[in-house]
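This report concerns only the one structure given below.
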Amino acid sequence: MREDIKQFSDQLQKLLDPTNEIHQKLVQKGLLLYRQQLVYNKKTSQTGVSGKVQDVTPVQVALEWSDPSASQCSCPHQGICRHQLALFFSAYSEIGSVFEWIQEWKKNDSSTQILHSIKRGSDLLQEKASTEQDGVQAWLTRFQKAYQGIDAGNEFVLEVTCKNKYRSLIEFAPVQREWRPLYQLFAAYESMKIVNQICSNHQIRTFKRFYDFLIDEIDEALKILTVSANPFAFDSYLSYLREDCIFLLKESTFYELEMVELYQLLWTWLFKQTIWRKLEHQRLIDLKRENSVRVKIGLIHLSILCGYDDLAIEEIQKYGSDIVYFSSLWLKFLSEQKAHNRFYLYLNTIVAFLPHYLEKTSDYDRFAFIRSFFQFINEEVLAEQNPILLEKIYIQTLPHTYYQYSDYLFAKEKYKEWVELQHFKGVELESIDRSKLESVAKRDPHLLMPLYHEAIDFLIASRNRDSYKKAVKYLKKLRTLYKKEKTTDIWENYFDDLLIKTKRLRAFHEECKRGKLIHA
């Protein structure tokens, strides 16, 4: 047991950073619980030690000699806690001095330690680059152990449990700054694989939020990893991910969209070398015969990354309207690459599927997609370079783009189309900007006549005094438009017919007299 405790102690010394304020407080509180003799019912075994710690309420603690991150406590704290440290100090006191252990831990930040770490350049060249946690397999073993023993019976509690397990893993991330994002990427990726197996085995279909959470964690890690060149020590880790990520397209799952999204993220932002992408593209070509939806999406994605546009466009057209869901990432990639011609090519292809796709989605998803879709479209630039394509996009996404399309048409002085858009949207005349109505009246007054006729008919049909007053107001403006067009005879015929049709509406005729449309 002495050797087991010593091994556990060494690992704990590395995991706990004396410069970290959170770790300092954990050690202080754990030491306080130990010194107050609040650890009891301690039982040792070949694999670890278990016991109870009396805090505000008693908690059950179990330490694993082989891996501190696999230790468990019944308290709600995520990761290593004061109760685990209290039990460790109690166990360590049987083989050594806890005070000396604390002093040794504090030395990790001393200036003497820093000076001792300085080495000659020749010594550094002879050393192998540190892999921090002894390689890929050690990390994978740690992740697997962390999720062992999870009770999948209650799926509502399961999500919280899995999130706590993940956060406890992150708490044991390497101290070196450059290794932390890679560790976070691995922890989230492997957690998704483990959780996917749990969901498949227990038919759990309500775990989307946890998948989205893991994807956000991976996205955060990728943003840090891709800022600068990775050290050579990362090669074995990245090689594992490149080979293993086909799992995301092949493994049985209830969360296909999330798995594909993660695959796209990895190959877009992490694996950027052309040779890697071409090899992966060939691997997907070989898998195409399996007729998997996810493999098809992956093939389209790699075709875009490799520049195989003809193949990608052909596959997109075969796939149909559901392809729109995945298009935002492609448009973002092409936009950031400033590949304008390719961007317009794919945009034009995808736009054709928009109406059918939007028709199938819920209101919330529809608005969320429109916001996301237009994030990567510079409407001002597109209006100059490809106005036909921009109008096509506006039309295909109506009525969600009514305001954008309306402003665009007015700015381009396409007044006929602008008026038709108001008809299509069913906008009330009083809701339209007066300055715009005046501008159209000066240039093409006849275009506004249908709007006024429609508004007048609607107001008269309402049959109340207020609507009659508004109708008279619009009739006077309509008369002005006919005068500008020099067609007062048509106006007189129209108004005479209107008075005959409304001869029983005494209140309307009274308002016409007040408005001096009818002379006594």
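The values are calculated or read from the model by the stated rules, or taken from the named source; none is laboratory data. Quick caveat: nothing in here was measured; it's all calculated off a predicted structure. Every residue, glycine as well, gets a Cβ built from its backbone with ideal geometry; the counts of neighbours run over all protein chains shown. Ligands, DNA and RNA are stripped out before the accessible areas are found, and what is left, the full protein with its side chains, is counted by its heavy atoms. Shrake-Rupley method; radii C 1.70, N 1.55, O 1.52, S 1.80 Å.
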Test result for L265, farther than 15 Å from I215 by Cβ, within 20 Å of the chain's Cα centre (by Cα) and either in a helix (DSSP H, G or I) or aliphatic (A, V, I, L, M) (or both)
no
Only one of T161, T206 is part of a loop (DSSP other than H, G, I, E, B) and among the polar types (S, T, N, Q), namely T206
Boolean, L448 is under 25 Å from S406 (Cα atoms), in a helix (DSSP H, G or I), in contact with a Lys or Arg (Cβ under 8 Å, 6 or more places away or on another chain) and open to solvent by less than 50 Å² (accessible area, probe 1.4 Å):
no
If you go through segment 483-520 one residue at a time, how many are part of a helix (DSSP H, G or I) and in contact with a His (Cβ under 9 Å, 6 or more places away or on another chain)?
4
Filter result (part of a strand (DSSP E or B) and more than 20 Å from Q28 (Cα to Cα)) within segment 63-90:
E64
Sort out which residues of segment 45-92 are open to solvent by 70 Å² or more (accessible area, probe 1.4 Å) and touching an Asp or Glu at 6+ places or on another chain (Cβ under 9 Å), and write them in order of number.
Q46, T47, Q72, R82
Is it the case that S467 is exposed (fewer than 12 other Cβ atoms within 10 Å of the Cβ), within 28 Å of L421 (Cβ to Cβ) and of a type in the set (S, T, Y)?
no
Criterion first (closer than 21 Å to E256 by Cα and either modelled with pLDDT under 85 or of a type outside the set (A, V, I, L, M) (or both)) does Y211 satisfy it?
yes
